[in-house]
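Asks: Here it is, the structure, as structure tokens.
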Amino acid sequence: MTDRGLKVLAVVVANLAAGVAGLGGVAATGFRLPWSILAAVLAGTLGWILGSLLARPLVDWLRGRRYAAPGRPAYRLRELPPTQASAGGKARSLAALIQGGHPVPPGLVLLPASFVDDRLTVEVEQWLQRELKAFPEGQLFAVRSSALAEDSASASFAGAYESVLDVPSVRLAKAIDHVRESRKAERVQAYAAAAAATGTGAVAVVIQAMVPAELAGVLFTVHPITRDLNTMLGNVVTGLGEALVSGEDTGAEFTLARPDATFTGPATLRPMAKRLHDAAHLVEGTFDGVPQDIEWAIAGGKLWILQSRPITTLNPANPRTAERNDSVGGNCLWSATNLSEANPLPQTPLTISFMTYLQANGGPSMAIRGREMAGYIGGRPYANLSVQITARRGRSKVDPRVAYRRLAGWWGELPEQVPVTLIPMSKADWQEAGLPLLGSLVKMVRYRRGLDAYLRENPGRCADLSAGIAAATSPGELAALWRNHLLAQGLLAFWTAVATGSEGPAMLEAELRAELGAEDTAALMSNLSGLAGQLESLGPSVGLQEVLAGRLSREDYTARVGHRGVNEIELAWPRPAEDPGWLDAALVAAASGSDLAELRARQATVFTEALGRLRTANPRRAAKVERRLRKAAGQAAAREAARSESVRSTWVMRRFALRAGDLLGIGEQVFFLTVPELLAALDGRRDALELLDLRQQTSRRYRALPPLPGVIYGAFDPFTWAADPDRRTDYWVAGVVAPTASAHDDAALIHGCAGAVGQVEGVVRRLDDFDQAGELQPGEILVTHLTNIGWTPLFPRAAAVVTDLGAPLSHAAIVARELGIPAVVGCGDATARLRTGDRVVVDGARGEVRILSSVQVS
């Protein structure tokens, strides 16, 4: 049964369960209105969910039954196991298409094991003759190569190997020999060298029924030049498409708009355009949303899919260098705000792959058509706002920018010059995405309910796991510890951190800002720690003053926050507690700051006064706002507590990596492996170790880059951008030459988001790196790219805070509000326009910084 048939079966089972449960609910009420209607809806919904869950094991069992046994030298394409890597890229793609229910000509694949000295074995020759009898008499065949690296995401090898068409069965042996011989061609070796591809000699052979095409062509599911997700681009020719694929004929160009299939192109194709659009969309879905380069043909009014491969120019990953640039995979809108707070520097391959590995092995995923809600650009994590806006908007017709407003508390305001692109989704896509998304939401509820136990037990569990890591004496023992315990710990931490995220504070702030204005809203949102207990983001600063006052021991402080800091998600980053002199230096710096108890008491008074004004004006509204403030405070506190313990788990993973580096004899080079490569090395497969030097060189290139733009739209090359002397640091849009950062209506005014109210005039201290933290003097205005929990001890010294990145719920805004320090966040280009020594006025309520005087640059 194909995947399409299995989906239909799952729907039938779910609907049948819904119907039975609905009838049961009606019967339970004695058929009395209106209760029977309500019971039918509730029971039917529960029945549908239960039926969907029960259908899963049935579908998995049936899917497994369609594959032939592994280990054979040759297969029918429809029975090829997906794990049979030696079948090569083309054969595995064709098998996935057939098994997915797409109209693909039937065929066979001869694996490399079918050949001895380039000749078919007697066993396979006999099998082939038996299989050919199943085809119509006189059937002609297409014989093509399927090498290991062929039709992969990083290398297509299009036209490199030979193909032979219109082959009668009596001449198949000669055609097979010809295709196999082409692997030795100079062009194959040259292509492999240019693409750094391996496996060119291990060639399987695909034998497929020929389609007597009347029209044929290619179709890219994403425009390969503009990368527009909503435009498919193709070419069509009369007859066979081989001339088009080889480049001998360019054919006629056409486009198909998504998702409505609007067609522009030759009239000969118009009758089949809608069918081609729908088929291509489904093919892309079969490959988890990866943009596809599809070869197709039309014969006798029927559409055939001949093959499909990833569009190599839209491939975001380089497996050799371990670089990942998700912006090249199609035009999406990306934001660094919030995610970059815990990841201010380019990450190592191990850190990047750790998150993707967890998502692929049971971790939280809210992907839409294979596109996750976050990705990586220039080694830094970025949120994919196109995915999030699409999910938020759903099937409604709401303007995407309107839908984004509910997310703005997390990601900040969008510049008007930046386009907003949605992920093209069909009705079937939404239906298919519904159950996995519902399953993730149900899991999140479970993890939220277990938060108290997690917070209570996690420190001890991390200590036990760290002891087990230290005790491991062999790579195999360490690998077993990962499989048996560490993976589960990573998943627990990941799920808990995601589950405790809440839109509640952001939604409340936006609502209050519209109703009460910026100042009263900031005052009401400035006492979250007073309403819910201390926020973890204040922990480092408050704890230091507690140690100085003798109310907290050095050991307890280290246990509480020794795992937190400026780059805490990076596995290669040493934790503060690993430095014997860290606490002494922190205590010296803390002694020069303002008294936190006094700052917090003053801010509590501001909160009480604002709430009092609201009570006087509207007592009922004030009571409701206070309840919602307490709820939002609880949500913020839970989120930060879960984040802290999840970071503690990250420290455990760092210890695992360091121990693996010791046992493998590569030391801290271990951070330049990916998680799958590291696990393979622990199991004895160490081919990836030869790439470590190359990856370290790549990492140094990324670390030499300046901070990237906070908002990116389209395919972004960080090195080309960095080489531009007129580059913008606030936003970047592909294909658009934006005004330079200096081209402002008011050159003395910097705009951002209102982070914390208050107005102060002072002298700028621009810190380009946390290593410069000691330069900040009491009473200066801190200007920097972003802040995170590692920067918190600096806040009591600052008269105000100004950041490039940030939003109302980012670290700088939260901490500044709690301490009553004026803040303007999300300016985009503050560090580009301000220098140490400039005199400015910071207006936190208006979200503005006015330059009064600038230092002269010699």
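The values are calculated or read from the model by the stated rules, or taken from the named source; none is laboratory data. As the structure is a computational prediction, the values presented were derived from the model and not from experiment. When we count neighbours, we look across all protein chains shown, and the Cβ atoms used for this are built from the backbone with ideal geometry, even at glycine. Quick note on the areas: whole protein, heavy atoms, side chains included, nothing else; ligands and nucleic acids left out. Shrake-Rupley method; radii C 1.70, N 1.55, O 1.52, S 1.80 Å.
Asks: Taking the range 524-536 as the search range and keeping residues that are in a helix (DSSP H, G or I) and either of a type in the set (Asp, Glu) or out of contact with any Phe, Trp or Tyr (no Cβ under 9 Å at 6 or more places or on another chain) (or both), which one is surrounded by the fewest Cβ atoms within 10 Å (Cβ to Cβ)?
Replies: The selected residue is 532.
Asks: Given (1) in contact (Cβ under 8 Å) with a residue 40 or more places away in the chain; (2) part of a helix (DSSP H, G or I); (3) open to solvent by less than 30 Å² (accessible area, probe 1.4 Å), identify the lone condition not met by residue 571.
Replies: Answer for residue 571: the failing condition is (2).
Asks: Take the residues of the range 585-605 that are part of a helix (DSSP H, G or I) and either among the hydroxyl-bearing types (Ser, Thr, Tyr) or at pLDDT 90 or above (or both): which is nearest to the chain's Cα centre (by Cα)?
Replies: Out of the qualifying residues, it is 586.
Asks: Go through the range 543-563 and give me each residue that's open to solvent by 50 Å² or more (accessible area, probe 1.4 Å), within 15 Å of residue 648 (Cβ to Cβ) and of a type in the set (A, V, I, L, M, F, W, C).
Replies: The one that is open to solvent by 50 Å² or more (accessible area, probe 1.4 Å), within 15 Å of residue 648 (Cβ to Cβ) and of a type in the set (A, V, I, L, M, F, W, C): 559.
Asks: Still on this structure: Quick one: count up the residues across the range 227-238 that are among the hydroxyl-bearing types (Ser, Thr, Tyr) and at pLDDT 95 or above.
Replies: Selection size over the range 227-238: 1.
Asks: Give me a count of the residues in the range 27-65 that are surrounded by 15 or more Cβ atoms within 10 Å (Cβ to Cβ) and closer than 29 Å to residue 127 by Cβ.
Replies: Summing the residues that are surrounded by 15 or more Cβ atoms within 10 Å (Cβ to Cβ) and closer than 29 Å to residue 127 by Cβ in the range 27-65 gives 1.
Rundown of residues vs (1) open to solvent by less than 70 Å² (accessible area, probe 1.4 Å); (2) of a type in the set (D, E, K, R); (3) part of a strand (DSSP E or B), yes/no style:
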| residue | (1), (2), (3) |
| --- | --- |
| 690 | no, yes, no |
| 693 | no, yes, no |
| 715 | yes, no, no |
| 720 | no, no, no |
| 724 | yes, yes, no |
| 728 | yes, yes, no |
| 755 | yes, no, yes |
| 760 | yes, no, yes |
| 765 | yes, yes, yes |
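Asks: Need the failing condition index for residue 786 against (1) under 21 Å from residue 848 (Cα atoms); (2) free of Cβ contacts under 8 Å to residues at least 40 places away in the same chain; (3) open to solvent by 10 Å² or more (accessible area, probe 1.4 Å), just the number.
Replies: All conditions are met except number (2).
Asks: Here's a follow-up. Do you know which residues across the range 502-523 are open to solvent by 50 Å² or more (accessible area, probe 1.4 Å), within 18 Å of residue 612 (Cα to Cα) and of a type in the set (Asp, Glu)?
Replies: Matches in the range 502-523: 515, 519.
Asks: Among the residues of the range 359-402, how many are open to solvent by 10 Å² or more (accessible area, probe 1.4 Å), within 19 Å of residue 284 (Cβ to Cβ) and of a type in the set (S, T, N, Q)?
Replies: Final tally of qualifying residues: 1.
Asks: Within the range 211-242, can you find the residues that are surrounded by fewer than 18 Cβ atoms within 10 Å (Cβ to Cβ) and part of a strand (DSSP E or B)?
Replies: 238
Asks: Look at residue 295 and say whether it is of a type in the set (Asp, Glu) and in contact with a Leu (Cβ under 9 Å, 6 or more places away or on another chain).
Replies: Against the criterion (of a type in the set (Asp, Glu) and in contact with a Leu (Cβ under 9 Å, 6 or more places away or on another chain)), residue 295 qualifies.
Asks: Just to be sure I understand the filter: pairs with C-beta atoms under 6 Å, separated by 6 or more residues or on different chains, first member in the range 515-531 and among the hydrophobic types (A, V, I, L, M, F, W, C), second member open to solvent by 10 Å² or more (accessible area, probe 1.4 Å). Which pairs pass?
Replies: Between residues of the range 515-531 that are among the hydrophobic types (A, V, I, L, M, F, W, C) and residues that are open to solvent by 10 Å² or more (accessible area, probe 1.4 Å), the close pairs are 518/754; 518/845; 522/757; 523/606; 523/607; 528/636; 531/630.
Asks: Have a look at 47, 107, 51, 30 and point out the one that is of a type in the set (Gly, Ala, Ser) and either under 30 Å from the mean Cα position of the chain (by Cα) or under 30 Å from residue 298 (Cα atoms) (or both).
Replies: It is 107.
Asks: Which condition breaks for residue 340 when tested against (1) part of a helix (DSSP H, G or I); (2) touching a helix residue (DSSP H, G or I) at 6+ places or on another chain (Cβ under 9 Å); (3) among the small types (Gly, Ala, Ser)?
Replies: So residue 340 meets the others, but not (2).
Asks: Criterion first (touching a residue at least 60 places away in the same chain (Cβ under 8 Å) and closer than 30 Å to residue 609 by Cα) does residue 660 satisfy it?
Replies: So residue 660 fails the test.
Asks: Out of 407, 435, report the one residue that is touching a Ser or Thr at 6+ places or on another chain (Cβ under 6 Å), at pLDDT below 90 and either part of a helix (DSSP H, G or I) or open to solvent by 60 Å² or more (accessible area, probe 1.4 Å) (or both).
Replies: When all the criteria are applied, what remains is 435.
Asks: Right, next: Scan the range 278-313 for residues that are more than 27 Å from the chain's Cα centre (by Cα) and farther than 18 Å from residue 3 by Cα and jot them down.
Replies: Within the range 278-313, 295, 296, 297, 298, 299, 300, 301, 302, 303, 306 meet the criteria.
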